[in-house]
Amino acid sequence: MRAHEELFAYWASLKRGGLLPSRRDLDPGAFKRHLPTISLIDVTREPLDFRVRLAGTALYDLYGREITGLDCSGAYLADAPYWRDSLAAVVEQRKPRVGMRTAPSGEARGLSVMWMRLPLARDGRNVDMILGYDALIGELAVQPTGIRAA
């Protein structure tokens, strides 16, 4: 199973009836191998905004810097309107969103990133946090094997 499908299946398994899982329901050990590509994004209201509470180590390569602690504008810079709209849709619709985006900076600049955002809610209804997953698609994502062509 591909990583994003694995993470989605785990998140879906935490849902109870029509209620969303909360941050408290997450067991990082259940998706340990994906932690470098995971983010937790806090949702603030009035006005609606987002702050990266935690960003996995692999996200540094995607964004070219540490984004933990930054708000949407600071974390995503020129891409902030795209991310603000995507994250707002997760909050308003209470549903996951996925997409593809070009990596904005860092070593991954110009390569594609497959992203997924999963809603979390302390009360099961009002999204107050978003679980993020970003996977690099391209040559940097290929791990060397040590095998060389003859």
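The values are calculated or read from the model by the stated rules, or taken from the named source; none is laboratory data. Nothing here was measured: the structure is a model prediction, and the numbers come from that model. Here Cβ is always computed from backbone atoms with ideal geometry, including for glycine, and neighbour counts include all displayed protein chains.
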How many residues are free of Cβ contacts under 8 Å to residues at least 24 places away in the same chain, among the polar types (S, T, N, Q) and outside any strand (DSSP E or B) if we restrict to region 43-94?
-> 4
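Quick check on Gly29: is it of a type outside the set (A, V, I, L, M), loosely packed, with under 15 Cβ neighbours inside 10 Å, without any contact (Cβ under 8 Å) to a residue 24 or more places away in the chain and part of a helix (DSSP H, G or I)? Outline the logic, then answer.
Details: of a type outside the set (A, V, I, L, M): yes; loosely packed, with under 15 Cβ neighbours inside 10 Å: yes; without any contact (Cβ under 8 Å) to a residue 24 or more places away in the chain: yes; part of a helix (DSSP H, G or I): yes.
Yes.
Name the residue, out of Ala141, Ala108, Ala121, that is under 18 Å from the mean Cα position of the chain (by Cα), modelled with pLDDT of 65 or more and of a type in the set (Gly, Ala, Ser). Lay out the reasoning, then the answer.
Values: Ala141 fails: modelled with pLDDT of 65 or more; Ala108 fails: modelled with pLDDT of 65 or more.
One residue alone meets the criteria, Ala121.
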